[in-house]
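The values are calculated or read from the model by the stated rules, or taken from the named source; none is laboratory data. A quick note: this is a predicted structure, and the numbers were derived from the prediction, not measured. For neighbour counting, all protein chains shown are included, and Cβ atoms are generated from backbone atoms with ideal geometry for every residue, glycine included.
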Amino acid sequence: MKNLYKEVDTNLKLPCMANQFKQYMAKFNTKLNSDAKKIEETVNTRIPQLLVASGRGRKQQSTISKGGNLPEKLTNPQLTLSVRTIGKVMWSPLMKGVSQNTFVDGAIGLARQRLHRNKPNMGDPEATFLAWVMNLCQDSNIANLVIATGSAAASTYLEVYPDYTGNNAWDAAFGSP
């Protein structure tokens, strides 16, 4: 793109006079690769799940939850979350080979194990999660991404869960190991 802009004529009369302005400007349009497209689509599907109402009366509008990162946005008490929302929002298409549902299940499982780590027959939650991810991912870069994001998602679940205690779906997901 930088080189294309360097080549822009300072005088655009010639393309305009030849009725070729559209063709001239078309070279500045670049196609997104498939990964960039998937990331953009994922971002667009996250937004509705992060909306909170702000303002009052006629001035009420929906805005994206405040926070510097996804976990901070998801811990906003104004959000109404389903059990799977945190994992769905934190999943990334860069986790090739790990579907959104698989990631959500893993993050919830890690959170549940952390919550009940003192119960008998419970091993180290982090080691169990690490083994699960390594079995799932062949690429170490993807595995590291899943481990880091899954751990952050599990921590977010544990931070939010007290607000949803008593909700049947949340209690079923986190109530017992």
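Taking the criterion of being of a type in the set (F, W, Y), at pLDDT below 80, over 24 Å from Y161 (Cα atoms) and surrounded by 11 or more Cβ atoms within 10 Å (Cβ to Cβ), would at least one residue in region 25-32 satisfy it?
No, region 25-32 has no match at all.
For region 165-173, does any single residue satisfy the condition of being among the β-branched types (V, I, T) and farther than 30 Å from K37 by Cβ? Full working, then the answer.
The first filter runs over region 165-173 and keeps only residues among the β-branched types (V, I, T), leaving 165.
Going one step further and asking which of them are farther than 30 Å from K37 by Cβ, we end up with 165.
For region 165-173, residues among the β-branched types (V, I, T) and farther than 30 Å from K37 by Cβ: present.
Go through region 57-83 and count every residue that is part of a strand (DSSP E or B) and polar (S, T, N, Q).
3
For region 164-177, which positions are in a helix (DSSP H, G or I) and either surrounded by fewer than 14 Cβ atoms within 10 Å (Cβ to Cβ) or of a type outside the set (D, E) (or both)?
So in region 164-177, the residues in a helix (DSSP H, G or I) come out as 164, 168-174.
Within region 164-177, Y164, N168, A169, W170, A172, A173, F174 qualify.
Can you confirm whether region 106-117 contains a residue that is surrounded by fewer than 18 Cβ atoms within 10 Å (Cβ to Cβ), under 22 Å from R84 (Cβ atoms) and touching a residue at least 40 places away in the same chain (Cβ under 8 Å)?
Initially, region 106-117 is screened for residues surrounded by fewer than 18 Cβ atoms within 10 Å (Cβ to Cβ), giving 116-117.
Right, trim to under 22 Å from R84 (Cβ atoms) and you get 116.
In the following step, the residues that additionally are touching a residue at least 40 places away in the same chain (Cβ under 8 Å) were identified as 116.
Checked against the condition, which is being surrounded by fewer than 18 Cβ atoms within 10 Å (Cβ to Cβ), under 22 Å from R84 (Cβ atoms) and touching a residue at least 40 places away in the same chain (Cβ under 8 Å), region 106-117 yields at least one hit.
Picking from T102, T156, which residue would you name as being surrounded by fewer than 17 Cβ atoms within 10 Å (Cβ to Cβ) and β-branched (V, I, T)? Steps first, please.
Details: T156 fails: surrounded by fewer than 17 Cβ atoms within 10 Å (Cβ to Cβ).
The match here is T102.
I'm trying to understand the selection: among the residues of region 96-128, which are among the hydrophobic types (A, V, I, L, M, F, W, C) and part of a loop (DSSP other than H, G, I, E, B)?
Listed by number, the residues that qualify are V98, M122.
Quick one: in region 36-56, which of the residues that are hydroxyl-bearing (S, T, Y) and part of a helix (DSSP H, G or I) is surrounded by the most Cβ atoms within 10 Å (Cβ to Cβ)?
Across region 36-56, the extreme among qualifying residues is T42.
List the pairs whose first member sits in region 148-167 and is farther than 16 Å from Q78 by Cβ, whose second member is basic (K, R) and part of a helix (DSSP H, G or I), and whose Cβ atoms are under 9 Å apart, counting only residues at least 6 apart or on separate chains?
Going by the 9 Å Cβ cut-off, the qualifying pairs are A154/R112; A154/R114; S155/R114; Y157/R112; Y157/R114; L158/R114.
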